[in-house]
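See structure below.
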Amino acid sequence: MPRIKALHALAALVATASAESLRGSRPARGRRSLTDDSFIQTVKECGEADGLSGRIQFKLDKDYKDVKTGYAAAIAARVADEAGCGTKPKRLFRPAGKHEAKHVAAGLDLWYTMDCGADDEELDAHAASLRASEKVREFLAKGDHKGIAVFEPQIVHKALAVEKDAYRSLQTHYDAINLDGAWEITTGDPTVTVQVLDSGLDPDHPDLQKHLWRNEAECQGEAGVDDDNNGFIDDCHGYNHADDTGTDLLGDGSHGTHCSGTIAADNMNDGIGVAGVAGGDGTEDGQGNALTGVRLMTSVGFGSTRTAGFSEGLVYGADNGAQVSSNSWGYKVANAYNQAILDAIDYYNDAGGFVVFAAGNSNSGGCFYPACYGEDEFHGAIGVAA
């Protein structure tokens, strides 16, 4: 039943952003070869277009004998040394405590990442992008790839932003999709959690207070301690994966707050701000707690100090009970994708959740990932275009 309730929230969420669902109309993504010519050309094009972050990520081959016998960390160190970036690798998906067994089963523990220019203060964004491209292509040109399943540069994540009851009359797009009719069916179910993976959320915004997801063990726990053993500290309302903190969820800018408001701002003439698609009908329990409306889980990828953590953010949402993930970001170059992100989407789908991505604002018919990703009828993103 949670999946059916999530569908109600998802239907409203998709309706506000789109007249066209792209799912089912785009090509499936195959497992690419390490030496695939088209992939290597895409890496070159991304590097020249400032499309790479300056980080490299790779996944070890689960069937390689040394990986199977417990030497994954040693192999990762060897790969990093051969890549020539001069930095040490670390796991892309951190050890996840009570969720670690699921991560191992999905192969997420075999993903590693390393800096290859992103944190070099002497390199600007263009130079870091070129360096990552060069290092990846040099590594892939070598003959020995034993123990490696995937080796890729991290693609730059681009926010797809176009830059309320008090302003409900101005929300004419709601009338265009007959949202009032949808509200006759549901105004949002409080057992449904929608993750917003974006620039963060203003936790003090008066229109969102009643719909924040709560991780009670952390909200009631000890500061600086992973009270619920999920691998994250102080994640009461979500986590800032970019800046690696659970206490500052604002991140970089207001776009995440805007998206959260579209989903679950308080409804029914509370006199504040806008009306959310699934923000409830205004009923409370007498103690100020909303009885209707979805709950908002905040995950930050566009942080105040860096842009990072999107694949980990998706896995976090799946592990911690979100049924829908809302993502208004993508890549600059058509047909380019990171395997780590697609693996994270698959993991989310396998947990029973839906992952929604904006298709972009460039009026292009190109295949822009992650919105363009469709593996099979059970795995893929729901790409949405206006």
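Quick notes on this structure:
- DSSP beta bridge pairing in segment 212-365, given as percent antiparallel to the nearest 5: 25
- Spread over its residues, the convex hull of the C-alpha atoms of segment 171-221 is 134 Å³ per residue.
- Calculated log₁₀ intensity ratio I(q)/I(0) where the Debye formula runs over C-alpha points of segment 238-386, q = 0.08, 0.11 Å⁻¹: -0.25, -0.47
- Look at the Cα gyration tensor of segment 65-123: its axes a ≥ b ≥ c give a/c of at least 1.5 with a/b at or below b/c, and that counts as oblate.
- Between segment 304-319 and segment 217-281, the C-alpha centres lie 14 angstrom from each other.
- Near Thr307, no amide H atom lies under 5 Å from its own; only residues 5 or more places off or on other chains count, and H is placed 1.01 Å from N.
- Rolling a 1.4 Å probe over the heavy atoms of the protein chains gives segment 246-309 an accessible area of 38 Å² per residue.
- DSSP beta bridge pairing in the chain, given as percent antiparallel to the nearest 5: 50
- Compactness of segment 22-139 as Cα Rg over 2.2 N^0.38 Å, two decimals: 1.18
- The calculated FRET efficiency for Thr35 paired with Asp124, based on their beta-carbon distance and R0 = 45 Å, is about 0.90.
- Estimated translational diffusion coefficient (Stokes-Einstein, Kirkwood radius over Cα pairs, 20 °C, 1.002 mPa s) of segment 301-362: 173 µm² per second.
- Pair-distance distribution P(r) for segment 189-301, from all Cα-Cα distances in 5 Å bins starting at 0: 2, 14, 22, 23, 19, 13, 5, 1, 0 percent.
- Most to least packed among 79-88, 214-223, 231-240, 316-325 [average Cβ atoms within 10 Å]: 316-325, 231-240, 79-88, 214-223
- Each 5 Å bin from zero up to the one holding the largest Cα-Cα distance in segment 109-222 carries the following percent of pairs: 2, 7, 9, 12, 13, 11, 8, 10, 11, 10, 5, 2, 0.
- Evaluated with a Cβ-only charge set (Lys, Arg +1; Asp, Glu -1), the chain carries a dipole of roughly 1340 debye about its Cα centre, given to the nearest 20.
- Near the amide H of Ile148, within less than 5 Å, lie the amide hydrogens of Asp61, all on another chain or at least 5 residues away, with H placed in the peptide plane.
- Accessible area of the chain belonging to carbon and sulfur atoms, whole % at 1.4 Å probe: 51
- For segment 357-376 versus segment 36-79, the inter-centroid distance based on Cα atoms is 24 Å.
- Dipole of segment 118-254 [Lys/Arg +1, Asp/Glu -1 at C-beta], most positive-end residue of Gly143, Tyr239, His157: Gly143
- Cα-based radius of gyration of segment 250-331 once divided by 2.2 N^0.38 Å, which approximates compact folds: 1.23
- Taken per residue, the accessible surface of segment 64-108 reaches 56 Å², heavy atoms only and a 1.4 Å probe.
- Using the Cα coordinates of the chain, the gyration tensor eigenvalues translate into equivalent-ellipsoid semi-axes of 36, 23, 19 Å, sorted from longest to shortest.
The values are calculated or read from the model by the stated rules, or taken from the named source; none is laboratory data. Because the structure is a prediction, the values reported are computed rather than measured. So basically every Cβ, Gly included, is an ideal-geometry build from the backbone, and we count neighbours across all protein chains shown. These accessible areas exclude ligands, DNA and RNA; they are computed on the full protein's heavy atoms, side chains included. Shrake-Rupley method; radii C 1.70, N 1.55, O 1.52, S 1.80 Å.
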